[in-house]
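**Q** Please see the structure below; I have some questions.
The values are calculated or read from the model by the stated rules, or taken from the named source; none is laboratory data. All values reported here derive from a predicted model rather than from experimental measurement. Note: ideal-geometry Cβ built from the backbone for every residue, glycine included; neighbour counts use all protein chains shown.
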Amino acid sequence: MNSLLALIIATAILVIIPGPNVALIVANSLRYGFRMGVVTVLGTTAGVALQLTVVVIGMAAVIELAAGALTWIRWAGVAYLIALGIRTWREPAGDLTRIEPAPALFWRGCVLAAINPKTLLFNAAFIPQFVAGGSVTVAQVSLVAAVFLTVLFLGDVLWAAFANSARSALHQYSGLRNRLTGAFLTAAGIGLALARR
């Protein structure tokens, strides 16, 4: 029980520190509102869940191989996010009621989270530390992964709510909103670029 409490606290601290996933969540929440921010959170959580599935299966060699294979995909993701950020930055002030289709935001979040080799290797090192000693079972690692994902999801929803409240304040300044959204998208791309194995 103590290890689960430690896991919850450690994961909550990790959620407070923004990375590429949070930058994308904030960008989409600023631009499209809380609901689409949560759709992005569902996507990033699904991407992290894909990585945790590899961890739960316990395939250390596959983790190392996957992290290496994701390098070229990561750079394509970096280019995409930075280009999207620049395009958003340059867009004229627009209508806050315009919404991008939810599947596009979900998959953008999922891919960003899944292709980050830093989080793949981090999760492989982080999650097993919270499994009780002795013979480790798939059920134990699965429970730890589920708690981790739950805290991550709830924390990211709070990021979306925070960005949405800022969105309301920026209602009269949609040009500034575009620049903030563009800056967060570009930051997500830069964060992904800086992610090292």
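**Q** For the stretch 2-41, name all the residues that are within 19 Å of CYS110 (Cβ to Cβ) and hydroxyl-bearing (Ser, Thr, Tyr).
**A** Within the stretch 2-41, SER29, TYR32, THR40 qualify.
**Q** With respect to THR88, determine if the residue is at pLDDT 85 or above, of a type in the set (Ser, Thr, Tyr) and in a helix (DSSP H, G or I).
**A** The answer is no for THR88.
**Q** Which of the residues that make up the stretch 156-197 are modelled with pLDDT under 70 and within 15 Å of the chain's Cα centre (by Cα)?
**A** Once the filter is applied, which keeps residues that are modelled with pLDDT under 70 and within 15 Å of the chain's Cα centre (by Cα), the stretch 156-197 yields LEU192, ALA195.
**Q** Oh, and also: So the check is Cβ under 8 Å with 6+ separation or different chains; which pairs have a first residue in the stretch 111-137 that's closer than 15 Å to VAL147 by Cα and a second one that's at pLDDT 70 or above and among the hydroxyl-bearing types (Ser, Thr, Tyr)?
**A** PHE130/SER3; VAL131/SER3; ALA132/SER3
**Q** Could you list, ordered by first residue, the pairs with Cβ atoms under 7 Å in which the first is in the stretch 48-60 and under 14 Å from GLY109 (Cα atoms) and modelled with pLDDT of 75 or more and the second is crowded, with 21+ Cβ neighbours inside 10 Å and not basic (Lys, Arg), at least 6 apart or interchain?
**A** VAL48/ALA113; VAL48/THR119; VAL48/LEU152; LEU50/ALA114; GLN51/ALA114; GLN51/THR119; GLN51/LEU120
**Q** In the stretch 1-19, which residue that is closer than 11 Å to GLY155 by Cα and not in a helix (DSSP H, G or I) is nearest to the chain's Cα centre (by Cα)?
**A** Across the stretch 1-19, the extreme among qualifying residues is PRO18.
**Q** Inside the stretch 23-38, can you point out the residues that are part of a helix (DSSP H, G or I), surrounded by fewer than 24 Cβ atoms within 10 Å (Cβ to Cβ) and not charged (D, E, K, R)?
**A** TYR32, PHE34, MET36, VAL38 - these are the residues of the stretch 23-38 that are part of a helix (DSSP H, G or I), surrounded by fewer than 24 Cβ atoms within 10 Å (Cβ to Cβ) and not charged (D, E, K, R).
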